[in-house]
Structures are given as structure tokens and as C-alpha cells.
């Protein structure tokens, strides 16, 4: 199944010149969603993983399903102020300004092997921040898995040293 053909592109959203990659057409298609999760699972079939960390919000979709398929727990990484117990925060740069994400202080145990999951890899700032959160809790990032990667933004350079697996690639804007 060609997942790229199922993902819709919306020109000039959210502003002129941006070609928005809309994954809602894939998650609305049961067989395509099942295939995407199967492919993610296949990439990490031979990797020891203890827990899945999913990045808000669409990383929750793929991360939770993948955790279920692998019989693992799921840990959410969220925007500041959304988690109810004690957290740690990691800030990261955006094109114009800063953002941050948080994880519960007790979400991971020392030495746990973590797979980070999100829907899209663009510049890499969010997943790099998530990886830093995992490492600050003394856990180990064994990989980062994405449905879509925007290759032309060069995130892999920023994430050198981490295993990156993406199912669908876009090589130009």
C-alpha cells in the first residue's frame, strides 16, 4: 500500500506558500492506518523497547496504537501545563520564537529503552526536545519513528546519533 497516495496535501495552508501535509485522510482510512502502524512495528521488530513515548498530539495516535501492538506502555509528552503531576520541561526553538514540552517526572525508569513516536518530522526541534526529556530521566532513546518526514528541512542533521525511521518522505516543498 502506498501511504503517500493516501495523505492529502493542502496548498497554501496555514499561509500562502506552505504545502500542508494532512494525515487525517490516512488516519480516517482503517486499512491505511493499520498498514502504517504495521510498517512502524516492522522497523523496530528486532529492537528491545520497554516503552513508547508519543509527542502531542498526533504522536499520541500512532504511539498509543504501536504501544498496544507491541504490548508496551505509552507515555505522553505534552505542551506545558497539560500534565497533572510533577513534570520536567524542555524548551526548543521555533522559526519565530520558542516552545516547550513536558513529561511527568515519574514517567520513565532509569535505563528504560524508549521509542519516540510522532506523526511528522520537520525541523526536528520537537523530537530533539523529547529525546532530551527522555535522557534527563536517565532512560535510553532507541529510536524515533515518524509517519512522514520532510527531508528538505534537514532534521536528520540535528538528530545525528539517533536512529530515525520514517514511512513517507517528501523531498521538496
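Quick note: the coordinates plus some simple rules give every number you see, no bench work behind them. The model shown is predicted, which means the values in this text are computed figures rather than measured ones. Quick reminder, even Gly has a Cβ in these numbers, built from the backbone with ideal geometry, and neighbours come from all protein chains shown.
Which entry is the computed semi-axes √(5λ) of the Cα gyration tensor in Å for this structure: (1) 42, 22, 12; (2) 25, 20, 15; (3) 28, 20, 18?
Here the calculated entry is (2).
Just to be sure I follow: if Rg is taken over the C-alpha atoms of region 77-173 and Rh is the Kirkwood radius over the same atoms, what is Rg/Rh? Please list the in-between numbers first.
Working: Rg = 13.6 Å, Rh = 13.9 Å.
Using Cα coordinates only, the ratio equals 0.97.
Using only alpha carbon pairs under 8 Å that are at least six residues apart, calculate the relative contact order of the chain and give it in whole percent.
Relative contact order here is 18 percent.
Rounded to whole Å, give me the distance from the Cα center of region 102-173 to that of region 1-49.
Between the Cα centre of region 102-173 and that of region 1-49, the gap is 16 Å.
For a footprinting-style exposure proxy, rank 119, 106 by other Cβ within 10 Å, fewest first. Present the calculation step by step, with values, prior to reporting the outcome.
Numbers: 119 21, 106 10.
If I rank by nearby Cβ atoms, fewest first, I get 106, 119.
Can you put 134, 10, 142, 168 in order, fewest other beta carbons within 10 Å first? Provide the component values of the computation, followed by the final result.
Numbers: 134 26, 10 12, 142 18, 168 21.
With the sparsest Cβ surroundings first, the list reads 10, 142, 168, 134.
For region 1-80, how big is the tail of P(r) above 23 Å, as a whole percent of Cα pairs? Write out the running numbers ahead of the final one.
Values: 994 of 3160 pairs.
I get 31 percent for the Cα pairs in region 1-80 exceeding 23 Å.
Need one number: % antiparallel among DSSP beta bridges in region 1-123, to the nearest 5. It would help to have the intermediate numbers written out before the result.
Working: 13 of 22 bridges.
The answer is about 60 percent antiparallel.
Just rank 138, 29, fewest to most, by other beta-carbon atoms within 10 angstrom. Could the numbers behind the result be given before it?
Numbers: 138 11, 29 16.
In order of increasing Cβ crowding within 10 Å: 138, 29.
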